2 protein chains.
Amino acid sequence: MNDFVFQNTTKVYFGKNQLGHLGEELSRFGRNVLLAYGGGSIKRIGLYDKVMAELAKAGMTVFELPGVEPNPRHTTVNKGAAICKKEGVDVVLAVGGGSTIDACKAIAATAKYDGDDSWDLVSGKASVSESLPLVAILTLAATGSEMDGGCVISNVETNEKNGYFPPDANPRASFLDPQNTFTVSAYQTASGSADIMSHIFDVAYFSRKDQMDMLLRVQEEVLKTVVKYAPVAVKDGSNYEARANLMWASSWALNGFLYEGFIQDTVCHSMEHELSAFYNITHGHGLAILTPRWLSYVLDENTAPRIKRFGENVLGIDPSLPLMEGAKAAIAALEKFFFETLGLKSRLSDLGIDDSKFAVMAKKACSFTGGKLDSFTVIQPNDVEAIYRMCL
Amino acid sequence: MNDFVFQNTTKVYFGKNQLGHLGEELSRFGRNVLLAYGGGSIKRIGLYDKVMAELAKAGMTVFELPGVEPNPRHTTVNKGAAICKKEGVDVVLAVGGGSTIDACKAIAATAKYDGDDSWDLVSGKASVSESLPLVAILTLAATGSEMDGGCVISNVETNEKNGYFPPDANPRASFLDPQNTFTVSAYQTASGSADIMSHIFDVAYFSRKDQMDMLLRVQEEVLKTVVKYAPVAVKDGSNYEARANLMWASSWALNGFLYEGFIQDTVCHSMEHELSAFYNITHGHGLAILTPRWLSYVLDENTAPRIKRFGENVLGIDPSLPLMEGAKAAIAALEKFFFETLGLKSRLSDLGIDDSKFAVMAKKACSFTGGKLDSFTVIQPNDVEAIYRMCL
């Protein structure tokens, strides 16, 4: 069992009637707000108008950054930071999914940077000691960015996608209204659900280290929550109960509640970041394709007990099966869940990806963590390449 | 499902080698610290010396308040607050269990009060707008005070025991080293474990309101954690795994992770507070005696499904039993757990309590919440009196 430090300061407003608190949460930081959002879905669902009404009520001056893209780019971050500097923005408001919130974390830091290029910060070439305060309104249950301090930013010029932890980057407040996810497509719901599960898998559940029993069991309950409610939300987008459970599960999966600190490399996330850096695919879909193949690749006498336990406790696999058979049944059930129940396509080739860049992506996937990925097992670039091939 | 607001700002240092961070956590607030503790067990286990060494290293000036009693008294709070005012204390350090931490929350508030008597604040006659910052080192897994903002203070002159939520009272940092609970007696371990379970029962689990499925399931996992590890710790006080699971469970039970806000009266806590106000018994033991009798009293067609589910999911009761039979088996299993497995005496009469004050206690138990206790069912003073009688 590890020693660990836990703190999560984000204030969460959860539910249907919370947006009335937006003004008080923003105006404590000043009057000038940068409002960032994505492709315009927040206008289609009427959220934009509601937010603007609250901002007007609070007497805020609004500067807008529309068009934050999926796998958000450092050039978009640069644009947002330039607005913050020029207009004297006091607080950043992200309205969207993980991409918008991630971009805003980098914007909030770059606004405090003497230079113009956020990639200096994201790549670790430079640093800042503080960020602008950030408030988030979540519209997609997936990344957990609404309640953590990290972001992932892409540089399309260099095909790089880096994780970055700006100073004090947790949203000061996050508004989680499940109704704001009612119109999320079946595909994005499925992909987001795979992302939630992968956070639990990657950060802690599939580990060769001992963990506190209580936390391991709670991880399983949150995983079971996704397994239960993702198919409901895929079929019936307006099911409040399903959307609420998925939304709070997305936050729990990465807000530190479930872990004794962060203790290992996030292996599937590292492999997937290269796929979306090179091919701009949907992150959660990439994770769904990779995870069961990774589990098959690392399956051996040492890893089988945890994989078998996962199958039994989360997916209802018969506990009386022998060890290796039970573990294989668990992996097969996970594939069935992602590729049949949730309807995600199962192959990288379905996403237009071939093997031409596997070698370079595999090397880069390991490059942030000393040339290997150390979690459930230790794997190296040749292993990553083999796993990519299993996904073709 | 309720709308709710979640925020818990306490920074938790969990594990064996964290005390080195004590100086940095205290010295950010100033140099003068009030060190409060209980009957001296922290000296017997060597913790006092370790704390003093860290305080010396950080250059802190230490003022001491020893002798904080179980069911801490407002007169003790007054003493601590007087020291804070006289010596210009910058930060309060509680080293102990829930009683010491609770007393320190009231001390930290009273230190900012113009008057001398903390009961003015605890009774709601006066208020303050801020508290001194508080840091805690926990030595007993029970009350959850290490990660919440409430305290319970007793007035022995008037036989009153009141809950109080001072402003900004969550500990800024809490140090949770399971080793500091190795010498907690079997009796206090059992009583503390009943307190942990009762927080989950009272605040959310036994409720007639709908709850988020994920949270209900996680409540069950934390309850199962106590059921699994309390007997281990009762038998083998130095079992790190058991002590660690119980310690983190105690925080989780009251830190807001498990709940959609606080949605109902805490029925067994309200009934028990009168018992310990009048008879100074151990809070957790009182809860263990009350809880199964309360469940029997409120058992009907409406409450039976949740009680039966509790039995199945937490205590391993056969799910194929008919509804009422399953619920009764669950209550019997909870009695067996408290009174046989954990070895707690099962009757108020075992604690020297007779029925002479039941009527006045029953009335007071309901007096903070409009003359009734509204949670799983609504009960009134005559019901409370009947439940007390079932416990004789």
Worksheet entry | Phi-based couplings in Hz for the stretch A:377-385 (Karplus 6.51, -1.76, 1.60; Gly and Pro marked x) | 9, 9, 10, 10, x, 5, 5, 4, 4
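Just to be sure I understand: of the beta bridges DSSP finds with both ends in the stretch A:11-180, what percent are antiparallel, rounded to 5? Don't skip to the end; give the middle numbers.
Working: 5 of 29 bridges.
Among the beta bridges of the stretch A:11-180, antiparallel pairing accounts for roughly 15 percent.
How long are the semi-axes of the ellipsoid equivalent to the stretch A:290-392, from square roots of 5 times the Cα gyration tensor eigenvalues, in whole Å, largest first? Please list the in-between numbers first.
Values: eigenvalues 135, 67, 17 Å².
Sorted largest first and rounded, they come to 26, 18, 9 Å.
What stretch of chain A, leaving out the sites themselves, is the longest with no GluC sites (Glu not before Pro) in a DSSP loop having at most 14 other Cβ atoms within 10 Å? Don't jump to the answer; show the numbers that get you there.
On the way: sites that count: A:E130, A:E157, A:E301.
With GluC sites (Glu not before Pro) excluded where exposed in loops, chain A gives A:158-300 as its longest stretch.
Based on the Cα gyration tensor of the protein assembly as shown, what are the three equivalent ellipsoid semi-axes, each the root of five times an eigenvalue, rounded to whole Å and given largest first?
Working: eigenvalues 395, 201, 130 Å².
Over the Cα atoms of the protein assembly as shown, the ellipsoid semi-axes are 44, 32, 25 Å.
If we count every other residue with Cβ under 10 angstrom of A:L348's Cβ, Lys/Arg +1 and Asp/Glu -1, where does the sum land? Intermediate values should be presented prior to the final figure.
On the way: positive: A:R293, A:K345, A:R347, A:R389; negative: A:D350, A:D354, A:D355.
Taking every other residue near A:L348 into account, the sum is +1.
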Worksheet, complete the sentence: The answer for the net charge of residues other than B:G326 whose Cβ lies under 12 angstrom from its Cβ, with Lys and Arg +1 and Asp and Glu -1, is +1
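Could you grab the Rg to Rh ratio for the stretch A:154-214? Cα atoms only, Kirkwood for Rh.
Details: Rg = 16.4 Å, Rh = 15.5 Å.
Rg divided by Rh gives 1.05.
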Item to complete: Please list the non-local residues whose amide H lies under 5 Å from the amide H of A:E160, H modeled 1.01 Å from N, same-chain partners needing a gap of 5 or more.
Response: A:N155
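Over the Cα atoms of the stretch B:59-184, what is the Rg over Rh ratio if Rh follows Kirkwood? Kindly include the intermediate steps, with their values, before the conclusion.
Values: Rg = 13.5 Å, Rh = 14.3 Å.
Here Rg/Rh amounts to 0.94.
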Worksheet item: Using the Karplus equation 6.51 cos²θ - 1.76 cosθ + 1.60 (θ = phi - 60°), what ³J(HN,Hα) coupling, rounded to whole Hz, does each residue of the stretch B:139-149 give in order, writing x for Gly and Pro?
Response: 10, 8, 7, 6, 7, x, 4, 5, 9, 9, x
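What FRET efficiency, computed as 1/(1 + (r/R0)^6) with R0 = 25 Å and r the Cβ-Cβ distance, is obtained for B:D318 and B:E241, rounded to the nearest 0.05? Mind showing how you got there, number by number?
Values: r = 29 Å, r/R0 = 1.15.
With R0 = 25 Å, the Cβ-Cβ based efficiency is 0.30.
So which trypsin sites (Lys or Arg not before Pro) in the stretch A:72-133 end up in coil per DSSP with only 14 or fewer other C-beta atoms within 10 Å? Mind showing how you got there, number by number?
Details: sites: A:R73, A:K79, A:K85, A:K86, A:K105, A:K112, A:K125; in loops: A:K112, A:K125.
Listed in order of number, the matching sites are A:K125.
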Fill in: Orientation-averaged projected area, Cα convex hull of chain A (nm²)
17.8
Worksheet item: Under a point-charge model restricted to the Cβ atoms of Lys and Arg (+1) and Asp and Glu (-1), what is the dipole moment magnitude of the protein assembly as shown relative to its Cα centre, in debye to the nearest 20?
Response: 100
Fill in: Convex hull of Cα atoms in the stretch B:27-72, direction-averaged projection (nm²)
3.5
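Using the number of other C-beta atoms within 10 angstrom as an exposure proxy, rank A:V234, B:V128 with the fewest first.
Numbers: A:V234 22, B:V128 17.
Listing A:V234, B:V128 from fewest to most nearby Cβ atoms yields B:V128, A:V234.
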Response to the item:
Candidates B:A173, B:A204, B:A56; GNM for chain B (alpha-carbon contacts under 10 Å) flags as most fluctuating B:A56
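Nearest-5 percent of antiparallel DSSP beta bridges in the protein assembly as shown? Could the numbers behind the result be given before it?
Values: 21 of 69 bridges.
Roughly 30 percent of the beta bridges in the protein assembly as shown run antiparallel, per DSSP.
Can you put A:I107, B:I353, B:I45 in order, fewest other beta carbons within 10 Å first? Write out the running numbers ahead of the final one.
On the way: A:I107 32, B:I353 21, B:I45 16.
Starting with the residue having the fewest Cβ neighbours, the order is B:I45, B:I353, A:I107.
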Worksheet, complete the sentence: The alpha-carbon pair-distance distribution computed for the stretch A:188-390, with 10 angstrom bins and whole-percent values, is 9, 36, 39, 15, 1
Worksheet item: Considering only DSSP beta bridges with both partners in chain A, what is the antiparallel share in %, to the nearest 5?
Response: 25
Worksheet item: So how far, in whole Å, is the C-alpha centre of the stretch A:251-296 from the one of the stretch B:114-142?
Response: 44
Worksheet item: Which one of A:F165, A:S185, A:H199 is farthest out on the positive end of the charge dipole of chain A, using unit charges on Cβ (Lys, Arg +1; Asp, Glu -1) and the Cα centre as origin?
Response: A:S185
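If R0 is 56 Å, what FRET efficiency do you get for A:T341 and B:A359 from their C-beta distance, rounded to 0.05? Intermediate results must be reported in sequence, preceding the final value.
Details: r = 59 Å, r/R0 = 1.05.
Rounded to the nearest 0.05, the efficiency is 0.45.
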Worksheet item: In the Gaussian network model of chain B, springs joining C-alpha atoms below 10 Å, which of B:A304, B:A365, B:A233 carries the largest mean-square fluctuation?
Response: B:A304
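With each run of n ≥ 4 DSSP H residues scored as -39500 (n - 2.57), what mean residue ellipticity at 222 nm is computed for chain A after dividing by its residue count and rounding to the nearest 500 deg cm²/dmol?
On the way: 15 runs with 177 residues, N = 392.
So the calculated ellipticity at 222 nm is -14000 deg cm²/dmol.
For chain A, with only Lys/Arg (+1) and Asp/Glu (-1) charged at the beta-carbon, what is the dipole magnitude about the Cα centre, in debye rounded to 20? Display every interim value, and only then the final one.
Details: 37 positive and 46 negative charges, 127 e Å.
Charge dipole of chain A: 620 debye, to the nearest 20.
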Worksheet item: Calculated FRET efficiency, A:S185 and A:D210, Cβ-Cβ r, R0 35 Å, to nearest 0.05?
Response: 0.30
Worksheet, complete the sentence: Two pseudo-spin positions, 7 Å from Cα along C-beta at A:A56 and at B:A56, lie apart in nanometres by 6.6
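How much net charge surrounds A:T143 when only the other residues with a Cβ under 14 Å from the Cβ of A:T143 are counted, with Lys and Arg +1 and Asp and Glu -1? Working shown, then result.
Working: positive: A:K105, A:K161; negative: A:D102, A:E146, A:D148, A:D195, A:D202, A:E272.
Summing Lys and Arg as +1 and Asp and Glu as -1 gives -4.
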Practice prompt. Would you mind checking which residues have amide H under 5 Å from B:S123's amide H? H placed 1.01 Å from N; only 5 or more apart, or other chain.
Written response: none
Practice prompt. Work out the length of the dipole vector of the stretch B:186-390 about its Cα centre, built from +1 on the beta-carbon of each Lys and Arg and -1 on the beta-carbon of each Asp and Glu, and round it to the nearest 20 debye.
Written response: 200
Discussion item. Tell me the relative contact order for the stretch B:11-180 as a rounded percent, counting alpha carbon contacts under 8 Å between residues six or more apart.
Written reply: 27
Discussion item. Going by amide H atoms built from the backbone, whose H comes under 5 Å of the H on B:R73, apart from near neighbours?
Written reply: B:S154
Item to complete: Pop out the ³J(HN,Hα) list for the stretch A:170-185 in order, Karplus 6.51 cos²θ - 1.76 cosθ + 1.60 with θ = phi - 60°, rounded to Hz; leave Gly and Pro as x.
Response: 3, x, 5, 9, 10, 9, 10, 10, x, 4, 6, 10, 4, 9, 4, 5
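Any read-out appearing in this document is the output of simple, stated calculations on the displayed coordinates, not a laboratory observation. Everything quoted here is computed from the prediction, not taken from an experiment. So basically every Cβ, Gly included, is an ideal-geometry build from the backbone, and we count neighbours across all protein chains shown.
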